[in-house]
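First up is the structure itself, then whatever we jot down about it.
The values are calculated or read from the model by the stated rules, or taken from the named source; none is laboratory data. Please read these numbers as outputs of a predicted model, since none were measured by experiment. Neighbour counts run over all protein chains shown; Cβ positions are idealised from the backbone, glycine included.
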Amino acid sequence: MPGKFEIKKAKNGQFYFHLKASNGEIILASETYKTKRSARNGIASVQKNSADGARFDRRKGKGDKPYFVLKAANHQVIGQSEMYESDKAMENGIKSVQNNAGTTKVEDLS
């Protein structure tokens with residue numbers, strides 16, 4: 001079973017999406033968008049940019065825990081991962097995004 005995107009509405013009325021792996025885990029979370037259409041454009045950007053490994057920016061968060069962000073060609077952040085316990089787990093997360101981002105399944109839960 002392939003992954004899927006889910007569009008949701010935030011309490012402030014804006015929209016965001018999650019990319020979920022086939023096991024239901026969130027592997028990429030977007031920032032908020034003013035419109036649902038903008039969120040859909042964000043999904044299209046993930047689908048396009050995730051194929052390029054250079055678009056993943058590997059970072060360290062609190063407690064030196066690794067995470068990554070996916071950037072578009074204009075260097076704008078499209079989505080962010082969770083914090084991982086190891087660099088290897090983060091790299092597996094990147095591979096999961098690359099494997100699942102091509103899905104055309106989008107569930108509108110807003």
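A few comments on the model shown:
- Considering residues of region 1-14 that are of a type in the set (Gly, Ala, Ser) and surrounded by fewer than 13 Cβ atoms within 10 Å (Cβ to Cβ) only, the residue nearest to Gly93 (Cα to Cα): Ala10
- Output for region 71-86, where each listed residue is farther than 15 Å from Tyr16 by Cα and assigned to a strand (DSSP E or B): Lys71
- Residue count, region 68-78 (criterion: of a type outside the set (Val, Ile, Thr) and modelled with pLDDT of 95 or more): 3
- Close pairs from region 1-27: first without any contact (Cβ under 8 Å) to a residue 24 or more places away in the chain, partner among the polar types (S, T, N, Q) and buried (at least 18 other Cβ atoms within 10 Å of the Cβ), Cβ under 6 Å, at least 6 apart: Tyr16/Ser30
- Which numbered condition Ile94 fails, given (1) assigned to a loop (DSSP other than H, G, I, E, B); (2) of a type outside the set (S, T, N, Q); (3) within 10 Å of the chain's Cα centre (by Cα): (1)
- Filtering region 59-83 to residues that are in contact with a Gly (Cβ under 6 Å, 6 or more places away or on another chain) and free of Cβ contacts under 8 Å to residues at least 40 places away in the same chain leaves Tyr67, Met83.
- Residue pairs whose Cβ atoms lie under 9 Å apart, sitting 6 or more positions apart in sequence or on different chains, and linking a residue in region 86-110 that is within 23 Å of Lys62 (Cα to Cα) to a partner that is in a helix (DSSP H, G or I) and of a type outside the set (Phe, Trp, Tyr), are Ile94/Gly53; Val97/Val46.
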